[in-house]
Amino acid sequence: MNAVPLGMPAFPAAARDATRNTTLRRNLRHATHTIRDRRAAAVAELDDWAGLRAAGAAVKDQTLRHLDHYLEQAEAAVTAAGGQVHWAADADEANRIVADLVRATGETEVVKIKSMATQEIGLNEALAEVGITAYETDLAELIVQLGEDRPSHILVPAIHRNRTEIRDIFRKTMGEWGIPAPEGMSDEPRELAEAARLHLREKFLRAKVAVSGANFLVAETGTLVVVESEGNGRMCLTLPETLISVVGIEKVVPTWRDLEVFLQLLPRSSTAERMNPYTSTWTGVTDGDGPREFHLVLLDNGRTKILADEVGRQTLRCIRCSACLNVCPVYERAGGHAYGSVYPGPIGAILTPQLRGTTSEIDASLPYASSLCGACYEVCPVAIDIPEVLVHLREKVTEQRGHVVERAALRAAGWVMRDPKRYTALQRAAVRTRAVHPRKVPLPGWGKAWSATRDLPALPAESFRTWWQHRDTPGGTT
Amino acid sequence: MTDSRDLILGRIRSALVGVDRAEHPANEPVARDYHDSHTDTGLANLLARNLTDYRAHVHRAAEAELPGLIGRLLAARGARTLAVPPGLPTDWLPGDSGTRILHDDGTLTATELDRVDSVLTGCAVAIAETGTLVLDAGPDQGRRMLTLVPDHHICVVRTGDQIVASVPQALRRLDPERPQTWISGPSATSDIELNRVEGVHGPRTLDVVLIAEG
Ligand code: SF4
């Protein structure tokens, strides 16, 4: 994974800044509460949700246990269907492969459909360095790109912006990137969407190269699947002559049939819909329909490290639905930017430190960005036990610093965590163990991260909870 | 490139040392403790309800009434041009309406399609439980571009044999080698304060005609 942006504050500091920004908090609260209620209703429609969820977890687990087998199978199938497969061990290599492929077409512009993997590797920036402009075409990504901003949510990256802010960004910057916003555009969502349609249509019609990610890669058939709402994905996947898809190695599923599980789990968990407006599937290239050239870039970039950790491995089941963000009290409070990576919320708190390691302050502090309430696990459509992984990662961070006392405490916490009914007990246990810890301990590295918001350099397992409890006190963060 | 392939596969194999290499995925089917469908009656009504819920306009007609209905839908929008895929049944087409009909022979460009008002197609299968139409580029559906660029899509579904209840049933009918577009309502976004707004890039109006087998 790419390095942490320079000057990125560690989680507590960034979270404190975010909680001070009341507009952001209001936008975020409104958005997450709306969508979480809708998700619950969409899920309640299916009386076999538990069975689907278990099957989703089982299919992913089985795939991960035989990942080499399925990747080789996928490679063979994509190749047989006329696609070309590239392997990228890390972000730099993936960026280089994509840049070379674009340059080979002679083009200096690409259109892009939102993809977590390409954000993770910093593809747009890497392309810009070699003179290639990447246009984001997802409405929210466009808002982020035009606002020179960073995404704050997986599904709705501009969730922190309200309509008036969006109108101002469009008015000010659309003209610099292409077709300007229409005269007299109001802040009605419909008018804003219309402005985006006009602005981007010109780019779609012109584009020769597109870059995408994928939600799923079917090993047996070599089929790629993109799930979306707006149709910008369809534009990117259909109109250009060359399509380059950057896909994390964990996106593979064994069979076409397996999609029956994920195409039921994903839309309901993600946008709370029975089905999202558009899903595209393609297998290699098709004569006379869509791109003539298709490249699949398989990305490792730290994923094999996660695979090697038997507790952490479940993280790779994630289908990026963002349900865990929407129920997380910490995310709601802190905002997406506090997580210091493209993966915010509970999934970010476990994925980022595993992808990047825990050498920086922000990454070492992420496993503590949770009250361990367990809401994320409850809603996760592939049953990732996020609290279990968080505790595991805390243990690793602690080990790294050699804090024996804490290790013991965390082991106890691990025991408590094994039964969800004991979450409350865990919270109480955490409070009690705090009494036996020294008030002041020298904690280089991540200790500093926390002392920015707290007078006491508290123990990390405690400090988030403490910060959380005091979030509304005078002189605190309100 | 080959080096990274070997490197990544090597990393995976060493990450999976705990997995018995004799174990083969084909021998351990995962438990599929879920339904094949959640309903099996009234599929056409359910499809209509779910499509309407996502703001598609649903119409019903006998096959013989299609030309008249389609003519009215086009007239209501003032559509001057209608693109159709090469294998569309010609007896679906409106008669002497004012709309010019463009038969896609595979040479229409995206820029040309951008000036086309409407497109008329069939579908491969429709899923009642989710309100989804699946297009698989069959002769009566055409290239993917055709149903993407124009702002108005009319899609005809034969209720007798094209509606299935569920996602699992639909997947069994579909051939993964064919490029597919699954459509559930018109293009939409929820990116601005989570308000669902129709139509960013795909067709902003979706008319679905359910025809009873004649
Ligand atoms: S961890 Fe689970 S809930 Fe969160 S984004 Fe991934 S799949 Fe969705």
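If a residue has to be in contact (Cβ under 8 Å) with a residue 60 or more places away in the chain and within 14 Å of another protein chain (Cβ to nearest Cβ) to count, how many in the range B:32-47 make the cut?
Qualifying residue count for the region: 7.
Can you give me the number of residues within the range A:173-190 that are more than 8 Å from chain B (Cβ to nearest Cβ), touching a residue at least 24 places away in the same chain (Cβ under 8 Å) and not aromatic (Phe, Trp, Tyr)?
5
For the range A:199-233, enumerate the residues that are facing chain B (nearest Cβ under 10 Å) and under 16 Å from A:Cys321 (Cα atoms).
Once the filter is applied, which keeps residues that are facing chain B (nearest Cβ under 10 Å) and under 16 Å from A:Cys321 (Cα atoms), the range A:199-233 yields A:Val225, A:Val227, A:Glu228, A:Ser229.
Of all residues in the range A:271-301, count the ones that are touching a residue at least 60 places away in the same chain (Cβ under 8 Å) and within 16 Å of the ligand (Cβ to nearest atom). I'd like the intermediate steps shown before the answer.
Initially, the range A:271-301 is screened for residues touching a residue at least 60 places away in the same chain (Cβ under 8 Å), giving A:271-274, A:283-285, A:291, A:293-301.
So of that shortlist, the ones also within 16 Å of the ligand (Cβ to nearest atom) come out as A:271-273.
Total satisfying the criteria: 3.
If I filter the range B:163-176 down to residues being touching a residue at least 40 places away in the same chain (Cβ under 8 Å) and in a loop (DSSP other than H, G, I, E, B), which single residue comes out as nearest to the chain's Cα centre (by Cα)? Don't jump to the end; show me each part of the working.
Within the range B:163-176, the first condition is being touching a residue at least 40 places away in the same chain (Cβ under 8 Å), and the residues that meet it are B:163-170, B:173-174.
When the remaining residues are screened for being in a loop (DSSP other than H, G, I, E, B), the result is B:165-166, B:174.
Values: B:Ala165: 15, B:Ser166: 14, B:Leu174: 12 Å.
Ranking the qualifying residues of the range B:163-176, first place goes to B:Leu174.
Quick check on the range A:344-357. Is at least one of its residues under 17 Å from A:Arg313 (Cβ atoms), within 13 Å of the ligand (Cβ to nearest atom) and either among the acidic types (Asp, Glu) or assigned to a loop (DSSP other than H, G, I, E, B) (or both)?
No: zero hits.
Looking at the range B:126-150 only, could you name the residues that are touching a residue at least 40 places away in the same chain (Cβ under 8 Å), under 27 Å from A:Leu265 (Cβ atoms) and within 11 Å of the chain's Cα centre (by Cα)? Walk me through how you get there before you give the answer.
Our first condition is that a residue be touching a residue at least 40 places away in the same chain (Cβ under 8 Å); within the range B:126-150, this holds for B:126-143, B:146-148, B:150.
Subset that is under 27 Å from A:Leu265 (Cβ atoms): B:126-137, B:147-148.
Within the range B:126-150, B:Ala126, B:Ile127, B:Gly131, B:Thr132, B:Leu133, B:Val134, B:Leu135, B:Asp136, B:Ala137, B:Thr147, B:Leu148 meet the criteria.
Just checking, does the range A:304-321 include any residue being open to solvent by 10 Å² or more (accessible area, probe 1.4 Å), more than 9 Å from chain B (Cβ to nearest Cβ) and of a type in the set (S, T, N, Q)?
Yes.
Please go through the range B:73-114 and pick out each residue that is within 28 Å of A:Arg206 (Cβ to Cβ) and of a type in the set (Asp, Glu).
B:Asp104, B:Asp105, B:Glu112, B:Asp114
The values are calculated or read from the model by the stated rules, or taken from the named source; none is laboratory data. Source: prediction; values computed, not measured. So basically every Cβ, Gly included, is an ideal-geometry build from the backbone, and we count neighbours across all protein chains shown. Protein only, heavy atoms only, side chains kept; ligands, DNA and RNA dropped before computing areas. Shrake-Rupley method; radii C 1.70, N 1.55, O 1.52, S 1.80 Å.
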